[in-house]
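The values are calculated or read from the model by the stated rules, or taken from the named source; none is laboratory data. Small disclaimer: the values here were computed from a predicted structure and weren't measured. Using ideal geometry, Cβ is built from the backbone for each residue, glycine included, and neighbour counts are taken over all protein chains shown.
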Amino acid sequence: MRVWLGWLALVFVLSVGFAQQRTLTVSGFGLNQNLIDKNITRPFEARCNCKIVWEVGNNADRLAKLAARKDNPNVDVALLGDYFAQLAANQGLLERLDTSKLSNLNELYEFAKNPLGGNLAVAFTIYAISIAYRTDKITTPITSWRDLWRPELKGRIALPNITTTQGPPVVWLVNRAFGGTDTDVNPGFERLSALKANVVTYYNQSAQLAGLFAQDEVWAAPVGRFAWGNLLATGKPLAWARPSEGQAGVSNVAVLVKGSRNQELAYQFIDFIISREVQTAQANDLVDSPVNRNVRVAADKAAQLTYGLQQIASLRIVDPDYIVKVRDAWIQRWNREVAR
């Protein structure tokens, strides 16, 4: 009888423990998930005695899911590209952050503390967008966005689709390279339309590029720096272009989903991913470039990241609000003139 009662007590204790374990649902990118689990998921779960459930996918798909579940959200924290977060804010999907609950906020570069305005988001990484290219196939270095139009690259280019995070900044930079302005994007779209014969594919996820480079299908592609580690892992000889017209700077941000049922955990999670500890781990594994100014990494790692105030200051930061305002018109024009 005593043994039986002992087992009942143990079952009761375990049941209470499991019942008390909280769950935080995070909408994320899915890229380098094994390293994210190592640096973020498992350490945070151990710290909070909770469970993280990831919903992964590209920005557009995940934003659509947030909008569809607006009245009954199942996501607590979303990690989004900055202008997708702006779209989410415009649709009333986000809560304003109580920044007093973020103990690590003051360790961030200024641009990262309030990237959308109104305390709607905190940046957890920044990355450059430039052109990755095969140095064994392209012997003359790429030094301009205009170099994508070289005859030798015919049938060897991949471009980001306009609906991806990289798509609008690439259009913006190409337009600038060919003399366009924010109010006149005709030069950019005309040139991109003329490039169709050179394009193998318009990719929707950066993970696709590694395979395309590895299989010798693609020799050059505009891409975010966050994908650089995966591209180097192909073993192909690759270089990162530094075009004379500049590299775009884009942030990925953490936002609190309106109606989150786990706000306390959500704040803890956001504070955790902007901490020096996590930002250093992510940088050392070449997952994300740090926005915590106290992070220090070795020179060989820094060379593969968007790292340090000097490099960040050199980027041409794309205004998320501008992209949001022109996005629909650009998508229509892209579908009509470029990707047709």
When you look at E264, is it outside the structural domain of L120 (by TED's automatic domain parsing), farther than 20 Å from T164 by Cα, surrounded by fewer than 19 Cβ atoms within 10 Å (Cβ to Cβ) and not small (G, A, S), yes or no? no
Considering each residue of the stretch 273-316, count those that are outside any loop (DSSP other than H, G, I, E, B), touching a helix residue (DSSP H, G or I) at 6+ places or on another chain (Cβ under 7 Å) and hydrophobic (A, V, I, L, M, F, W, C), and give that number. 4
For the condition of a type in the set (A, V, I, L, M, F, W, C), surrounded by 23 or more Cβ atoms within 10 Å (Cβ to Cβ) and at pLDDT 95 or above, what is the one hit in V199, V185, V171? V171
What about K137, is it assigned by TED's automatic domain parsing to the domain that holds R333, over 26 Å from N72 (Cα atoms) and not polar (S, T, N, Q)? yes
Among the candidates V223, V218, V253, which residue alone is crowded, with 19+ Cβ neighbours inside 10 Å, farther than 25 Å from K196 by Cα and among the aliphatic types (A, V, I, L, M)? V253
All positions within the stretch 21-60 that are under 18 Å from Y267 (Cβ atoms), of a type in the set (K, R) and touching a residue at least 40 places away in the same chain (Cβ under 8 Å): R22, R47
Just a yes or no: is a residue in the stretch 76-87 more than 17 Å from the chain's Cα centre (by Cα) and assigned to a loop (DSSP other than H, G, I, E, B)? yes
Please specify each residue of the stretch 117-132 satisfying the condition of being surrounded by fewer than 22 Cβ atoms within 10 Å (Cβ to Cβ) and either of a type in the set (S, T, Y) or on the phi < 0 side of the Ramachandran plot (or both). L120
Checked A221, A233, A239 against criteria (out of contact with any helix residue (DSSP H, G or I) (no Cβ under 6 Å at 6 or more places or on another chain), at pLDDT 95 or above and in the same structural domain as I162 (by TED's automatic domain parsing)); the one match is A239
